[in-house]
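Contents: one structure, followed by commentary.
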Amino acid sequence: MTADHGGRGAVPDGPPGEPDALPDVLRAAGPRALAALVRRGAGFADAEDAVQEALLEAAARWPSDGVPRDPVAWLVTVSWRRFLDARRAAESRQRREERHDRLVPPGPTEQADDTLLLLSRCCHPDLGAAAAVALTLRAVAGLTTAQIARAHLVPEATMAQRISRAKRTLRGASFDRPGDVGSVLKVLYLMFSEGHAGEVDLADEAVRLTRQLAAATDDPEVDGLLALMLLTHARRAARWTADGALVALADQDRSRWDTDLVAEGVALLRGALARDRLGEYQAQAAIAALHDDAASAAETDWPQVLEWYDELLRLTPSPVVALNRAVAVGEVEGPGAGLAVLDGLDAGLPRFDAVAAYLTERAGDLPGAARRYARAAAAATSVPERDHLTVQAARLRESVRAGRPADVEGSVGPA
């Protein structure tokens, strides 16, 4: 019997191998096949993908066809073909995109009433969040694979594979009617939260797509999400210093906020709330509006913020919402009450130590707050956030050494 993949280079099979030995054979042969492809000039990531596909085929075929006399040669033959196929497909895709980009500028091409249908296809629940965002940017926003890759700071080949896998996942699915709006909103919110990186502004793209969706649907939660985006986006000019350092909400120059975006967001929110179908994005937008409405951090209406967090926690009983609510409790009822809320939450939550540090500082325990800020900095997921928290820890340590009280600057509210 011959494991023939057609034409030159097929490797003849030997007698069937023992099934129990197959994993060991594959485990030993896979790295050698990968090394062979790299020596032939394939990039490591592309070669690894090709070898993985060959290993999957081997695992499916060898138990019945038999293990080849030279498993490594078989894997090299098959994976090299997979690599060449992928490279040809990538080159073809790039030529199509470049030709399309010359003829049609990036942007929406569908009619408004098709927006939800297309978005819901890209945001199918079978897709992971990263794949859904990438496919949405490609299919709905009209960005090239290269632009999407630069926005996510990954190689173009990696992004092309992510999009191709997403398409394969959706192959055969039925899309004769629009899908779940909630899934679409989650993906758009994730896209917005990823913010700006490089030449493509993902936050702007998310706002633009959400505007399209709002025009195509009659759903107050869509308006609520758009309002939340606009009310948050309005602060963007004040969110960073000239050298790229993060500025906490309490310390921002509010004269730099975009009042037109604030006004539009508030109007959208009022319209959505008037329909009496409250959802989580409307509640988050209401909290953002209260922050935007305050002339200074000291004038924030924290009792109302806390009321909205109570509503949000009822709508979405999430530990992350409960963590953010602890800050509002601390502002209304005192830092001790906020710390008591934290006692009932998982200390492993993202930003737990940052919230605890802020409330601990408010309670007057500067050494404890400095230690919390340092732990929060070590767990930060971005360089600006890490640097901001490191500065807070250093500020408190300096205050302790100098024997003077510290000004509370370590805001953990929305930026």
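Just so it is clear, none of the values below were taken in a lab; they were calculated from the coordinates. The structure presented is a predicted model; accordingly, all values stated were derived computationally and were not measured. All Cβ positions, even for glycine, are placed from backbone atoms using ideal geometry, and neighbour counts span all protein chains on display.
Before moving on, here are some points about what is shown:
- Projecting the Cα atoms of LEU349, ALA369, LEU312 onto the charge dipole of region 307-411, computed from C-beta unit charges around the Cα centre, puts ALA369 farthest toward the positive end.
- Listed values for region 134-141 are Karplus-derived 3J(HN,Hα) couplings in whole Hz (6.51 cos²θ - 1.76 cosθ + 1.60, θ = phi - 60°), namely 4, 5, 4, 5, 6, 7, 9, 7, and x replaces Gly and Pro.
- Using a Förster distance of 41 Å, the FRET efficiency for ASP180-ARG39 (Cβ separation, nearest 0.05): 0.30
- Point-to-point label distance, ASP253-ALA378, nm (Cα→Cβ direction, 7 Å offset): 3.6 nm
- Each residue, GLN304 and ALA363, gets one label point 7 Å from its Cα in the Cβ direction; the gap between the two is 3.0 nm.
- Net dipole in debye of region 229-288 [+1 Lys, Arg Cβ; -1 Asp, Glu Cβ; about Cα centre; nearest 20]: 140 debye
- Summarising the amide proton neighbourhood of TRP240: residues at separation of 5 or more, or on other chains, whose placed amide H is nearer than 5 Å comprise VAL247.
- For region 210-219, 3J(HN,Hα) computed residue by residue from phi via the Karplus equation (6.51, -1.76, 1.60; θ = phi - 60°) reads 5, 4, 4, 5, 5, 6, 9, 10, 10, 9 Hz, glycine and proline entered as x.
- From most to least packed by mean Cβ count within 10 Å, the peptides 76-88, 29-41 give 76-88, 29-41.
- Scalar couplings 3J(HN,Hα) for region 332-349, obtained by applying the Karplus form with A = 6.51, B = -1.76, C = 1.60 to θ = phi - 60°, are 8, 10, x, x, x, 5, x, 5, 5, 4, 4, 4, x, 10, 6, 5, x, 4 Hz; x denotes Gly and Pro.
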